[in-house]
Amino acid sequence: GGVQMAKAGLLFVGTDDGVVLFSNPGAIGRWLRVGHELRGHQLHSVWARPDNPLHVVAVTAAGGVWRSADGGQSWAQVREAAGDSQPIAGRPAPLVALAGKEPVLLLAGGEGVLRSADDGATWTEAAADVAWQGGVSVIAPAAYHIDTAFAGTGSGQVYLSTDRGRTWRLLKDGLPPVRAISAARLA
């Protein structure tokens, strides 16, 4: 086997039973099923590095983080589902990527945001100036700046990071539980 890399599109489909892999060899529009991995795991998020899709990260509905360095053919768990990272109101923790030459992954985990700058191999907890309350329910990159992101919590807090998710500051609180954020800017 082996995933075709030369001018091949790769598609990673997260399902209730693992990740299904498709390849579009020669980019001719023929999407072929080439694998089905992580069976038995309900997936919530999957991310492939845009400039090197051999690096793939998958997040289970339970909050576990898995990583592949070979285009999804084999996987290693890099972070177990933490007991305190229960989904907010039944919603699994979101995984988002900040674009750039070196993408940054942000994952809502436990009571805060986890950050990876090495394609999901290692994760560190981001610092916040005010403690996260009610669990992080959404993370939204700002479309207008690759270093900026917003996060919301189940207890109505909105946070801002302007340093690619390293540190967060409380922007607003006292809102109802936050479920979605979209950040735009007028030119």
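Worth a mention:
- All conditions but one from (1) over 29 Å from Asp70 (Cα atoms); (2) small (Gly, Ala, Ser); (3) in contact (Cβ under 8 Å) with a residue 40 or more places away in the chain apply to Gly174; the one that does not is (3).
- Number of residues in region 140-152 that are β-branched (Val, Ile, Thr) and modelled with pLDDT under 95 equals 1.
- Positions within region 124-142 being under 16 Å from the mean Cα position of the chain (by Cα) and surrounded by fewer than 19 Cβ atoms within 10 Å (Cβ to Cβ), in sequence order: Thr124, Glu125
- Filter result for Gln4 (open to solvent by 80 Å² or more (accessible area, probe 1.4 Å) and either closer than 23 Å to Leu114 by Cα or at pLDDT 90 or above (or both)): no
- Candidates Gly29, Gly63, Gly14, Gly71: the one that is part of a loop (DSSP other than H, G, I, E, B) and either under 20 Å from Pro94 (Cα atoms) or among the basic types (Lys, Arg) (or both) is Gly63.
- Ile146 being under 15 Å from Ser182 (Cα atoms) and surrounded by fewer than 17 Cβ atoms within 10 Å (Cβ to Cβ): yes
- On the stretch given as region 81-117, residues that are modelled with pLDDT of 85 or more, surrounded by fewer than 22 Cβ atoms within 10 Å (Cβ to Cβ) and under 16 Å from Ala58 (Cβ atoms) total 3.
- Verdict on Val19 being more than 21 Å from Val104 (Cβ to Cβ), buried (at least 21 other Cβ atoms within 10 Å of the Cβ) and of a type in the set (Val, Ile, Thr): yes
- A single member of Ser137, Ser155 is modelled with pLDDT under 95, more than 16 Å from Trp47 (Cβ to Cβ) and assigned to a strand (DSSP E or B), and it is Ser137.
- Within region 22-43, tally of residues that are touching a residue at least 24 places away in the same chain (Cβ under 8 Å) and either crowded, with 20+ Cβ neighbours inside 10 Å or of a type in the set (Lys, Arg) (or both): 4
The values are calculated or read from the model by the stated rules, or taken from the named source; none is laboratory data. This one's a predicted model, so the numbers in the text were calculated from it and none came from an experiment. With ideal geometry, Cβ positions are generated from the backbone for all residues, glycine too; neighbour counts draw on all protein chains shown. The accessibility values were calculated without ligands, DNA or RNA, using every heavy atom of the protein model including side chains. Shrake-Rupley method; radii C 1.70, N 1.55, O 1.52, S 1.80 Å.
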